[in-house]
Amino acid sequence: MVREIRVPCWNTKEPTVVDKKVQIIPWTKEQMMEVFKSFDKDGDSRLSKEELKAAFKKFGSRWSSFRAWRALWHADANKDGFISIDDEIGELTSYALKCGYKL
């Protein structure tokens, strides 16, 4: 038996049926890289702690400040306080994947 929940939909008057058996899918490395790149708001090809914090919020982190700090600790090879999109994003993405975020 499939259980359904009827929830109001924001753009219609009819409720939307939501299947409770929806699977939660992990992010891929490529998807995470694209999300991190999209948070480079000033276009300098590096991610600041604030940009990292916003990206981790997008992933659903409850502790985005802590995750941003840990990401810098893990991936900032030259210790300049930024993650270079060209050189260090692979390490950043590896760290974020270990955190287990889901779509």
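Structural remarks
- For the stretch 25-62, filtering for residues that are of a type in the set (Phe, Trp, Tyr) and part of a loop (DSSP other than H, G, I, E, B) leaves 3.
- The number of residues in the stretch 63-93 being of a type in the set (S, T, N, Q) and assigned to a loop (DSSP other than H, G, I, E, B) comes to 1.
- Looking only at residues of the stretch 75-97 that are among the β-branched types (Val, Ile, Thr) and in contact with an Asp or Glu (Cβ under 8 Å, 6 or more places away or on another chain), we find that the one that is nearest to Glu34 (Cα to Cα) is Ile85.
- Single match in Asp86, Asp80 (criterion: loosely packed, with under 14 Cβ neighbours inside 10 Å, acidic (Asp, Glu) and without any contact (Cβ under 8 Å) to a residue 12 or more places away in the chain): Asp80
- Residues that are among the polar types (S, T, N, Q) and within 17 Å of Ser94 (Cβ to Cβ) were ranked within the stretch 30-67; the one that is surrounded by the most Cβ atoms within 10 Å (Cβ to Cβ) is Ser61.
- Hits in the stretch 53-77 (condition: hydrophobic (A, V, I, L, M, F, W, C), in contact (Cβ under 8 Å) with a residue 24 or more places away in the chain and farther than 19 Å from Pro26 by Cα): none
Taken together, the values in this text are just the output of simple stated rules run on the coordinates, not laboratory data. All figures in this text were calculated on a predicted structure; none of them were measured in a lab. Cβ sites come from the backbone with ideal geometry, for glycine too, and all protein chains shown count toward neighbours.
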